[in-house]
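No lab work stands behind these numbers, since they all come straight from the coordinates. Note that the structure is a prediction, hence the values are computed from the model and not measured. Ideal geometry is used to build each Cβ from the backbone, glycine not excepted, and the neighbour counts take in all protein chains shown.
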Amino acid sequence: MLQDKDIKSVGELKKYFSDSEKMVDYLIHQLEFFQFKSVYNLLNGIKKRGYGVSGVFSIFVILPFLRHASIHALFKSGSRGLANGGKDVYYRFKNREDIPWRNLLMRFVTRFLRIVSSKGSEVEEGKRCLILDDSLLPKRGRRIEKVSRLWDHVTHRSLPGLRLLLMCYYDGKSTIPVDFSLHREKGKNKKMPYGLKKKHLKEQYKKDRSKDSEGYQRASEADESKSIMAVKMLKRAFRFLEVNYVLMDSWFTSERMIECVRGSKKNIHLIGMMRMSKALYEYDGWYYDAQSLLRYLKRTKKLTRCRKINSAYIMVDVFYKDYPIRLYFSRFGKRGKWHLILSTDRALSYVKMMELYQIRWTIEVAFKEGKQYLNLGACQSNDFDAQIADTTITMIQYILLTLKKRFDDYETRGEVFRDVGEQMCERRLHLRLWDLLVLIMKAIVETFDINIDDIDLAIFKIINQNKFKGILECVSLKRHPLLT
């Protein structure tokens, strides 16, 4: 039978290919955009016993590239050997209230910008923008913490879910998520607050959190208004990001936003869509709402046509709440509806303003790609901390895909996703074939009482004589340090 040292030799070979930490390291090495180990320092020290937090976090980051939608799917598949411990390790990790997810995401953003800068990626100056928008994350259960019924502008019906308020950063070439918050809406029906019956509200999951914890703060944000949270996000971002413009749609554009943007010590401007509402603008000493001002300008100003954008527009400088701004009334087609865009930068021409405002569409692309490829909003955990964790991990995955796309010249993130997934599947096949080979070798040694050194010598002879070259390449034996 095998001696102790011989058992150890076979175990070391098998452990090299099956050990989860080394396998994760291999996957991270294969994906060049996983160069973020320095940000894991934030996680160190949170958990002093059991499995390391950074190792568990790494599994969540690579999970969609393994073609698995959840930890449950991972453990049911042949890839469960990648994971440390059981499923509960990962569920407890997402439910922790003490992990500073917002700080972790910001570190990834900072690391992304540092890598881009170090590689000398050229971007057009003056186009660094922060973009604000929201999207519905549908949920299947009423018992999920903080869930309310929300209006879906896509399907035009009310659905249970959480509202994601997202802020993205455009550095002149790429758009990445920077900060977010999850919200519920109380609604106007006092008999059914949050769109739910009172008995259903009582059945919702509830959790006692320490008031000093990150989880308590994020749960409190769910009942804050989105406009207040947007202002807080902008103030945090202004501290560490170089920004020229803040872009937003008509829902967010307001006096509060203008005050936040123009009140910063940096020279930052706001460009936002405005509703043709009753808000008053001061022009030539008189106050007009949007409709009245447009009628007056049609009589006194000549309508300008822009062939580049195929539109007609009227541009005018006014004051809004004592702030000097420029208004752009534009219409596409002869019978098109008039739209109003506001800019605090009075030096912008109509074409330049439209070029900048069109950047806002990149956040819509981020929503679509996050939901399509990275399962954004797919988490159905009752714990609100798990919802925050899952959304943050999706944002980090998006940053990694963006980095790889930027330097590998892929056309879409879908191409990156499929390429990475194929690499993962191929490597998992190598792992399984190696495990099978090790089991066969062990069975031969134990059955026929053969010395393990003789088998090692035979393998070296096969390699040196280039026999069974295809099999060796298939199981990647030649890459192993002990066989080269």
| task | Diagonalise the Cα gyration tensor of region 103-244 and give the resulting equivalent ellipsoid semi-axes, square root of 5 times each eigenvalue, largest first, whole Å. | result | 35, 17, 12
| task | Mind pulling the per residue volume of the convex hull built on the Cα atoms of region 223-348? Å³ is fine. | result | 128 Å³
| request: Run through all the Cα pairs of region 173-226 and give the fraction in each 10 Å bin from 0, expressed as whole percent. | output: 19, 37, 30, 10, 3
| Based on the Cα atoms of region 70-181, what semi-axes does the equivalent ellipsoid have, where each is the square root of 5 times one gyration tensor eigenvalue, given in whole Å with the largest first? | 31, 25, 13
| message | Name the residue from PRO324, LEU297, MET354 whose Cα lies farthest towards the positive end of the charge dipole of region 123-373, charges +1 on Cβ of Lys and Arg and -1 on Cβ of Asp and Glu. | response | LEU297
| query | Looking only at Cα atoms, what is the convex hull volume of region 123-373 per residue, in Å³? | reply | 171 Å³
